[in-house]
Amino acid sequence: MERSNASTFNEKLEFMESEILSQYSGQDNIADVKQKLSIIRHQFKQKWSTARNTKARFLENNSKWLKGTISLPKAGLSPGRPQKVFADLSERSKRRKTEDLRSSDFDELAYATQMKLRKTGEVEASKIVKTLTKSPQKAKKYALAMKKKQLKKKKKLLRN
């Protein structure tokens, strides 16, 4: 907590929490960690107010407690079977994983797809999705153009 440039006690505690939570990825036991950190934060505040918000008194009265250890779940280790990458899943597993998504409205899914493509830097693909979802005729024209392009590639490969 001394490393933080925070001026208030609460800011220092928030800095400590963010430092600890930054070691955990999205799949880890973050809920458990947050709960334990919340308990520690509460204890810290109680002990701080008991010391009448004085650093020297706090350190003197709680030196043993401060030297103690805190046990948190290990970062990077989630219990159970490791998850496969979506592309490596079977067709049935993909259907099961996307069941909630498929129950969403078409317009929501199309918009979410556009935003995800844009976020990953695929701006042109995002524009194509937007164009194709606006008009069924444009989608048909695009599909025909793609088929023609694929046929040209096949013919070119057969000639060589």
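The values are calculated or read from the model by the stated rules, or taken from the named source; none is laboratory data. Treat the numbers as computed from the prediction; the structure is a model and nothing was measured. Note: ideal-geometry Cβ built from the backbone for every residue, glycine included; neighbour counts use all protein chains shown.
Some observations on this one:
- Among (1) at pLDDT 90 or above; (2) surrounded by 11 or more Cβ atoms within 10 Å (Cβ to Cβ); (3) farther than 15 Å from L13 by Cβ, the one test that I30 misses: (1)
- In this entry, R92 passes the filter for residues that are more than 28 Å from K134 (Cα to Cα) and at pLDDT 95 or above.
- Flag if P73 is free of Cβ contacts under 8 Å to residues at least 12 places away in the same chain, in a loop (DSSP other than H, G, I, E, B) and not assigned by TED's automatic domain parsing to the domain that holds L13: no
- The test for being surrounded by 12 or more Cβ atoms within 10 Å (Cβ to Cβ) and assigned to a loop (DSSP other than H, G, I, E, B) does not hold for P82.
- Between A51, A125, A75, the distinction of being surrounded by 12 or more Cβ atoms within 10 Å (Cβ to Cβ), more than 30 Å from N10 (Cα to Cα) and either modelled with pLDDT under 90 or not β-branched (V, I, T) (or both) belongs to A125 only.
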